[in-house]
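*Asks:* The structure under discussion is supplied below as structure tokens; questions concerning it will follow.
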Amino acid sequence: MQAHNPASDPERFFRSLGDQKQWLDAFQNLRGVCLFVKDAQHRFLSVNREELDLHGLQHESEMLGRDDFDFHPPALAAQYQEEDKEVFRSGKALTQRLWLVASAGGTPGWYLCSKHPLRDVTGNVVGLVGLMQPHGQLQNAPGHSQRLTPVLKYVLVHFGEAVSVAELARQAH
């Protein structure tokens, strides 16, 4: 009698692993890729070292329970959370989206980002896992986004101030 080969039944194999956090632990030191896990209230539940470095943080505990508005300008945080909501509503992954992300030092950069739904044992979407890879610096904006570079720089510098449409138009020439 031949023993059951777990590779022939991937679902059974992955269910047998028990603690799913071990998967996240495997990505803690992955360089060049930010990884985060959020719950349905957009709170960070887990992040890897690269994500901490992007936000200028030392320990995962500094991000846990907080959301995008704690780390990003309001307009960008709202965009990130709208995408979260789309994943929760549709139950489908959003892949290779281009995001503008400001580092802890305020330097903006372009990132290719993907968000994938996380489901509980009954199939309900209860969270998401996100991956971000640098796509280049702000001055290397892809295609049509290049014309907005001055506007984006201005907004990131002045996001706490009242910014007029006229000023943004001036920045865009």
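What follows is calculated from the coordinates using simple rules that are stated; it is not laboratory data. Note that this is a predicted model, so its numbers are computed, not measured. So basically every Cβ, Gly included, is an ideal-geometry build from the backbone, and we count neighbours across all protein chains shown.
*Asks:* At S103 and A162, where each label point lies 7 Å from the Cα along Cα→Cβ, what is the point-to-point distance in nanometres?
*Replies:* Simple spin-label model gives 3.4 nm for this pair.
*Asks:* Compute the distance in nm between two label points, each set 7 Å from the Cα along the Cα-to-Cβ direction, one at H116 and one at W23.
*Replies:* If labels sit at H116 and W23, their model points lie 0.6 nm apart.
*Asks:* Could you size up the charge dipole of segment 45-85 around its Cα centre, putting +1 on the beta carbon of Lys and Arg and -1 on that of Asp and Glu, and report it in debye to the nearest 20?
*Replies:* Dipole of segment 45-85, to the nearest 20 debye: 60 debye.
*Asks:* Kindly write out, for segment 60-75 in residue order, the coupling ³J(HN,Hα) from the Karplus curve 6.51 cos²θ - 1.76 cosθ + 1.60 (θ = phi - 60°), rounded to whole Hz, with x marking Gly and Pro.
*Replies:* Going residue by residue, I get 3, 4, 6, 10, 4, x, 9, 10, 4, 5, 7, 10, 10, x, x, 5 Hz, with x marking Gly and Pro.
*Asks:* Find how much the distance from S61 to R31 grows on full extension, using 0.36 nm per residue of separation minus their present alpha carbon separation; answer in nm with one decimal.
*Replies:* 8.8 nm
*Asks:* If amide H atoms are built 1.01 Å from N in the plane of the peptide, which residues on other chains or at least 5 residues away come under 5 Å of the amide H of V126?
*Replies:* Under 5 Å from the amide H of V126 lie the amide H atoms of L118, R119, D120, each far enough along the sequence or on another chain.
*Asks:* I've got another one for you. List, in order, the whole-Hz ³J(HN,Hα) value for each residue of segment 89-105 obtained from phi through the Karplus relation with A = 6.51, B = -1.76, C = 1.60 and θ = phi - 60°; use x for Gly and Pro.
*Replies:* 5, 8, x, 10, 6, 10, 10, 6, 7, 8, 10, 9, 10, 8, 6, 4, x
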